[in-house]
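**Student:** The structure's right below; bear with me while I get my questions together.
The values are calculated or read from the model by the stated rules, or taken from the named source; none is laboratory data. All of these numbers come straight from a predicted model, not from anything done at the bench. Note: ideal-geometry Cβ built from the backbone for every residue, glycine included; neighbour counts use all protein chains shown. Calculation scope for accessible area: heavy atoms of the full protein, side chains included, ligands and nucleic acids excluded. Shrake-Rupley method; radii C 1.70, N 1.55, O 1.52, S 1.80 Å.
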Amino acid sequence: REIGGFPYAPGASVGPDATARESSPVLEATLRHAVAQGEFRLAYQPIVDLRNHRTVGVEALIRWPRAPIGPDVFIPTAERIGLIRDITRQVCLLAARDRITQRIPGSIRLSINLSAADAETMETAALLSDLSLTLGDTALSVELTERCLLSPERCGPVIRAIRARGIQVHLDDFGTGYANLQSLVELALDGIKIDHRLTRCIDDSRAAREIVRHLGRMAGALGLSVTAEGVETEAQARWLSVLGIRRAQGWLFGRPCFIEDYPAARPLAQIAAPDAASGRLAPG
Ligand code: C2E
Ligand code: MG
Ligand code: MG
Ligand code: MG
């Protein structure tokens with residue numbers, strides 16, 4: 001069947017619960033074509049300072065406009081069939097282009113997600129190093145999920161090389177996996193991002209609040225910044241402030257959207273992304 005002109009394997013789920021296991025030969029072939037044709041785009045989502053709601057950074061999130069699936073589905077497939085390094089290169093170039101055309105001011109920290117395969121090769125460190133030269137004196141971060149860190153002996157040197165270029169390394173989806181306290185011991189990092197599944201619980205769960213409070217303290221003691229992901233409500237934002245968390249990201253402050261959909265006349269530093277009512281949104 002076809003969804004929006006995109007051939008998709010019968011039986012494959014395209015909803016939010018679709019997983020990499022539902023990958024198919026059709027998806028693989030279409031993905032290869034997309035990489036060859038450069039069909040990807042970046043959406044950007046603001047990261048704000050909770051004290052004044054100013055945008056301090058943006059996270060680049062890959063979008064595949066032709067396909068009705070998000071990166072949660074196609075990135076794992078790309079990893080499995082060996083396309084991720086090409087995709088990461090394209091993401092870096094797209095981000096650099098947006099940065100250079102001045103649409104993302106240098107004062108705004110730009111975050112790029114890396115995959116496990118990226119974190120294990122010095123080529124990625126070299127790529128980011130080139131990128132940081134191109135971008136000059138601008139704030140750049142990469143986000144790694146803890147899956148990247150399952151082999152610290154391979155990732156450690158890559159992470160050190162990235163940080164040696166002045167690029168920050170943040171651990172994504174923190175608090176939901178199995179290896180992350182260990183990785184804080186083994187690797188020098190700059191920050192952690194508290195997973196949205198934990199953020200979502202802080203309203204209702206005293207346990208979640210205590211965990212977030214202590215994660216914040218622990219991170220502070222280790223010199224790490226903390227960003228809470230997936231903040232959707234004012235109540236969650238208030239709790240995070242009370243719990244000592246300074247930085248947050250989520251639909252409350254701005255959905256991921258394409259760069260041209262940010263109001264052009266106002267500097268990005270002063271705005272959040274348009275909300276669902278006012279802007280054309282990138283999916284997700
Ligand atoms: P992530 O890096 O943890 O990104 C956060 C995800 O949460 C994004 O999903 C974002 O759209 C979504 N999100 C943001 N705010 C909210 C909110 O308030 N509520 C809810 N429910 N969700 C929110 P997205 O864009 O679908 O990306 C999913 C994952 O795919 C990312 O998780 C990241 O691991 C991966 N990914 C995205 N772009 C790239 C990329 O360029 N390269 C690589 N290697 N992975 C990427
Ligand atoms: Mg991320
Ligand atoms: Mg995350
Ligand atoms: Mg995630």
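**Student:** Return yes or no: is Ala207 modelled with pLDDT of 85 or more and over 19 Å from the mean Cα position of the chain (by Cα)?
**Tutor:** yes
Each row is one residue, and each column tells you yes or no for (1) open to solvent by less than 20 Å² (accessible area, probe 1.4 Å); (2) in contact with a Cys (Cβ under 6 Å, 6 or more places away or on another chain); (3) among the basic types (Lys, Arg).
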{"position": "Leu171", "(1), (2), (3)": "yes, no, no"}
{"position": "Gly175", "(1), (2), (3)": "no, no, no"}
{"position": "Leu181", "(1), (2), (3)": "no, no, no"}
{"position": "Ala188", "(1), (2), (3)": "no, no, no"}
{"position": "Ile192", "(1), (2), (3)": "yes, no, no"}
{"position": "Ile202", "(1), (2), (3)": "yes, no, no"}
{"position": "Arg206", "(1), (2), (3)": "no, no, yes"}
{"position": "Val212", "(1), (2), (3)": "yes, no, no"}
{"position": "Arg217", "(1), (2), (3)": "no, no, yes"}
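**Student:** If a residue has to be assigned to a helix (DSSP H, G or I) and either within 14 Å of ligand 1 (Cβ to nearest atom) or in contact with a Cys (Cβ under 8 Å, 6 or more places away or on another chain) (or both) to count, how many in segment 107-157 make the cut?
**Tutor:** Narrowing segment 107-157 to residues assigned to a helix (DSSP H, G or I): 116-119, 122-135, 146-149, 152-157.
Still in the running and either within 14 Å of ligand 1 (Cβ to nearest atom) or in contact with a Cys (Cβ under 8 Å, 6 or more places away or on another chain) (or both): 116-119, 124, 127-128, 131, 146-149, 155.
Residues meeting the conditions: 13.
**Student:** If you scan segment 116-140, which residues turn out to be within 16 Å of ligand 4 (Cβ to nearest atom) and surrounded by fewer than 22 Cβ atoms within 10 Å (Cβ to Cβ)?
**Tutor:** Listed by number, the list holds a single entry, Ala116.
**Student:** So, one more: Taking the residues in segment 158-169 that are open to solvent by 30 Å² or more (accessible area, probe 1.4 Å) and not in a helix (DSSP H, G or I) as candidates, determine which candidate is nearest to ligand 1 (Cβ to nearest atom).
**Tutor:** Gln168
**Student:** Checking Glu146 against (1) open to solvent by less than 40 Å² (accessible area, probe 1.4 Å); (2) more than 15 Å from Ala116 (Cα to Cα), which single condition isn't satisfied?
**Tutor:** Exception for Glu146: condition (2).
**Student:** Also: Name the one entry in Leu110, Leu133 that is free of Cβ contacts under 8 Å to residues at least 40 places away in the same chain and of a type in the set (A, V, I, L, M, F, W, C).
**Tutor:** Working: Leu110 fails: free of Cβ contacts under 8 Å to residues at least 40 places away in the same chain.
Residue meeting the stated conditions: Leu133.
**Student:** Considering only segment 118-174, how many residues are within 16 Å of ligand 2 (Cβ to nearest atom) and not small (Gly, Ala, Ser)?
**Tutor:** Going through segment 118-174 one residue at a time, the tally reaches 22.
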